[in-house]
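A.B. asks: Provided herewith is a single structure, encoded as structure tokens, for subsequent inquiry.
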Amino acid sequence: GGGAHGGPGAHSPYGRSPGFSPQGRPMGPGPPITAMAIADAIFDEIRNSGTDVKKPEITDRQLELLAFVFDAKHLENSLVMYQKRAVKKLVAVKSGRTCWQVRGKSGAKEEYLVFPTHYCSCRAFQWDVLSKGEQLICKHMLAVRVAEALDDYNVTEIDDALLAQLLEAYANDAGEGGGGTRRGPSRRGGG
């Protein structure tokens with residue numbers, strides 16, 4: 001008796017999932033589905049809701065699921081950044097290489113380098129994501145994932161050499177214990 005098709009969550013489009021630890025590991029019986037896999041499926045669903053004539057849209061149900069995966073306050077902070085148009089995709093003209101910059105919540109002076117599935121130069125990524133494992137991704141990464149899924153962000157084309165300088169500046173700043181906060185692609189001066 002029992003069968004594999006019953007139980008709570010059996011009708012979810014993302015499979016049965018009793019719950020997740022803060023690190024995204026499944027808890028309890030059921031298939032080994034990670035919280036990030038659920039988030040990826042939701043972002044795919046949002047992305048696929050668009051057509052040639054209509055931009056993708058996010059539903060209340062998708063927002064509820066994302067709030068469950070990422071924490072409601074964390075999601076809210078990233079949505080505020082998205083709505084303030086703080087997300088910018090940088091595209092190198094020659095190579096087509098891309099990365100993202102997200103303006104921090106505290107204003108236009110603070111910009112973080114983001115690779116949405118791997119890295120953000122903010123301190124929260126280093127502390128809450130990598131060190132403590134309390135979040136799956138930081139709010140800047142989440143803002144990029146939302147903007148990307150909704151196909152709604154600013155694009156800036158830059159020279160490949162400038163992109164290389166920018167990446168080097170972020171790497172140097174992070175290496176010096178600065179947490180990666182930059183004020184754009186400025187050169188470091190003495191003083």
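Readers should treat all values here as calculations from the given coordinates under stated rules, not as data from a laboratory. Note that the coordinates shown come from a computational prediction; the quantities given were computed from them, not determined experimentally. For neighbour counting, all protein chains shown are included, and Cβ atoms are generated from backbone atoms with ideal geometry for every residue, glycine included.
A.B. asks: Based on the inverse mean of 1/r over its pairs of different Cα atoms, what is the Kirkwood hydrodynamic radius of region 84-160, in Å?
C.D. replies: Every distinct Cα pair counted, the radius reaches 12.8 Å.
A.B. asks: Please list, in chain and number order, the residues 5+ apart from V91 or on another chain whose amide H is under 5 Å from its amide H, with Hs placed from the backbone.
C.D. replies: For V91, whose amide H was placed from the backbone, the distant partners under 5 Å are T156, E157, I158.
A.B. asks: Something else: How long is the gain from R85 to A161 if the chain were fully straight, where each residue apart is worth 0.36 nm and the alpha carbon distance is subtracted?
C.D. replies: 24.8 nm
A.B. asks: A follow-up question, please. Using the eigenvalues of the Cα gyration tensor, what equivalent ellipsoid semi-axes result for region 50-93 when each is taken as the square root of five times the eigenvalue, whole Å, largest first?
C.D. replies: 22, 17, 9
A.B. asks: I need the peptides 38-46, 88-96 ranked by packing, meaning the mean over residues of other C-beta atoms within 10 angstrom, with the highest value on top.
C.D. replies: Per-residue mean Cβ counts within 10 Å order the peptides as 38-46, 88-96.
A.B. asks: List, in order, the whole-Hz ³J(HN,Hα) value for each residue of region 73-83 obtained from phi through the Karplus relation with A = 6.51, B = -1.76, C = 1.60 and θ = phi - 60°; use x for Gly and Pro.
C.D. replies: 5, 4, 5, 4, 4, 6, 5, 4, 4, 4, 5
A.B. asks: Quick one: if you stick a label point 7 Å off each Cα along the C-beta vector at N172 and S131, how many nm between them?
C.D. replies: 2.5 nm
A.B. asks: Shifting gears a bit: Residue by residue, what Karplus-based ³J(HN,Hα) values in Hz, rounded to whole numbers, does region 153-158 have, using 6.51, -1.76 and 1.60 with θ = phi - 60° and x for Gly and Pro?
C.D. replies: 7, 7, 10, 10, 8, 10
A.B. asks: For K54 and F115, what is the calculated FRET efficiency with R₀ set at 30 Å and r taken between the beta-carbons, to the nearest 0.05?
C.D. replies: Efficiency, rounded to the nearest 0.05: 0.55.
A.B. asks: If you stretched the chain out fully between V93 and A37, how much longer would it get, using 0.36 nm times the residue separation minus the C-alpha to C-alpha distance?
C.D. replies: 17.0 nm
A.B. asks: Still on this model: Can you compute 3J(HN,Hα) from phi for each residue in region 126-137, using the Karplus curve 6.51 cos²θ - 1.76 cosθ + 1.60 with θ = phi - 60°, rounded to whole Hz and x for Gly and Pro?
C.D. replies: These are the phi-based 3J(HN,Hα) values: 5, 8, 6, 8, 7, 6, 8, x, 7, 10, 6, 8 Hz.
A.B. asks: Let me ask something else. Taking Cα pairs under 8 Å and at least six residues apart, what relative contact order does region 49-126 come out at, in percent?
C.D. replies: Relative contact order here is 14 percent.
A.B. asks: In addition: Kindly rank 56-62, 74-80, 141-147 from highest to lowest mean number of other beta carbons found within 10 Å of each residue.
C.D. replies: 141-147, 74-80, 56-62
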